[in-house]
Amino acid sequence: MPYLIALAAGFILGKEWRRFKRVMDPVSGAAAARFDALYSGVARDVGQKVEYLEDRIALRQARGVHSR
């Protein structure tokens, strides 16, 4: 029975796809813009943390070389 419902829903959606897409475009566009902003913010933060850790590692290695 659930398969028949899914099949019917797919058929109806297929027939009305253009209208459905036109309604969903503003919503999906806004969601994509928010995802892009979130992703770029996370990527920037991760990049800054990696750079900070690399700087700390290099500093420790430099101190180790000078203390010998």
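The values are calculated or read from the model by the stated rules, or taken from the named source; none is laboratory data. Given the structure is predicted, the values throughout are model-derived calculations rather than measurements. Note that each Cβ is placed from the backbone with ideal geometry, even for glycine, and that neighbours are counted across all protein chains shown. In case anyone asks, the SASA skips ligands and DNA or RNA and just uses the protein heavy atoms, side chains included. Shrake-Rupley method; radii C 1.70, N 1.55, O 1.52, S 1.80 Å.
Worth pointing out:
- Matching residues in the range 32-49 - criterion: being charged (D, E, K, R) and open to solvent by 100 Å² or more (accessible area, probe 1.4 Å): R34, R44, K49
- Filter pass, Y52 being within 20 Å of the chain's Cα centre (by Cα) and surrounded by 10 or more Cβ atoms within 10 Å (Cβ to Cβ): no
- Test: residue in the range 53-68 that is of a type in the set (K, R) and outside any helix (DSSP H, G or I): yes
- Qualifying residue in the range 2-9 (condition: surrounded by 10 or more Cβ atoms within 10 Å (Cβ to Cβ) and of a type outside the set (A, V, I, L, M, F, W, C)): no
- Verdict on D36 being at pLDDT 90 or above and of a type in the set (D, E): yes
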